[in-house]
Amino acid sequence: YMINNTFLTAAVIAGVLFYGGTLVLNDAMSAGSLVSFMLYQQSLSASFQSLGDVFSALSAAVGAADKVIELINKPPAFIESGTEKPDRDLVGSIEFRNVSFSYPARPGITILENFSLSIRPGEVVALVGPSGGGKSSIVKLLERQYLPSNGAVLIDGRDIGSYDKKWLRQRVALVGQEPVLFARSIKRNIIYGMETDDGLPEEQVPDDEE
Ligand SMILES: Nc1ncnc2c1ncn2[C@@H]1O[C@H](COP(=O)(O)OP(=O)(O)OP(=O)(O)O)[C@@H](O)[C@H]1O
Ligand SMILES: [Mg+2]
């Protein structure tokens, strides 16, 4: 393809030079006109090339957008019906009460069986165990990314399912091992999901420099 492309371009230039040269020699055209014709031709072909680049970038973008839209339209695995929006903020007591859990994708494999854990507000807790032991799964259950098959996860003594989803998401933060950053300012990344209906909670957020 490259050879074809370069060869064709060179052949066209040689052809124009040859024909134009003959015209110039026969006084049918001035040398200046030939030079400007060739210059115009060059910038025209460059423009067509960049048009082609735009179209290939555009089709790549359409392909990527397809995936994003598919994700946006994906129905949730379970519908959250919780409506509880307490006026006070969360105190932060966490309880897993006799939780059993297996992933919907692998129902045969039990990840947690009759698991109970109670964490007081302000307490720092480390979950330690072998790889695949279920530590991240516990966090996912606390994040309400999955429903426990049995038992309940409670925050401040209330099942997390009873809280309004948006309300809860605005109050629980997760810092992952491998943080995903969106192509925005650090500030925007920090307050992601905290946007309230009446705007951003500006005063709670440090500036980018901090
Ligand atoms: N989305 C998923 N679907 C099905 N099975 C999963 C899913 N995520 C994790 N698992 C399985 O659940 C089990 C527990 O995984 P989990 O990620 O909770 O372990 P972990 O203790 O966090 O391990 P690590 O120390 O490697 O982070 C593993 O057997 C894993 O293969
Ligand atoms: Mg893990």
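Read-outs throughout are calculated quantities, based only on the coordinates presented, and are distinct from any laboratory measurement. The structure presented is a predicted model; accordingly, all values stated were derived computationally and were not measured. Every residue, glycine among them, receives a Cβ derived from its backbone with ideal geometry; neighbour counts consider all protein chains shown.
Only Cα sites of the stretch 137-178 enter the Debye sum here, all with the same form factor; the resulting log10 I(q)/I(0) across q = 0.29, 0.33 1/Å is -1.20, -1.39, listed in q order.
Against the chain, whose longest principal axis comes from its Cα atoms, helix 31-73 is set at around 20 degrees. For the chain, the Cα-based Rg and Dmax, in that order, read 31.9, 99 Å.
Compactness of the stretch 2-73 is given as radius of gyration and Dmax, 20.5, 69 Å, from Cα positions. If you average the alpha carbon positions of the stretch 102-159 and of the stretch 1-20, how far apart do those two centres end up, in angstrom? What the calculation gives is 69 Å, centre to centre. Among Glu178, Glu95, Glu143, the largest mean-square fluctuation in a Gaussian network model of the chain, built with springs joining Cα atoms closer than 10 Å, belongs to Glu178. Working ranking of peptides 144-151, 126-133 by packing, defined as the average number of other Cβ atoms within 10 Å per residue, highest first, is 144-151, 126-133.
Summarised as an ellipsoid, the stretch 55-155 has semi-axes of 34, 20, 15 Å, derived from the eigenvalues of the Cα gyration tensor scaled by 5 and square-rooted, with the largest first.
Ranking Leu58, Gly133, Gln42 by Cα position along the charge dipole of the stretch 34-179, where only Lys, Arg, Asp and Glu carry charges on their C-beta atoms, puts Gly133 farthest toward the positive end.
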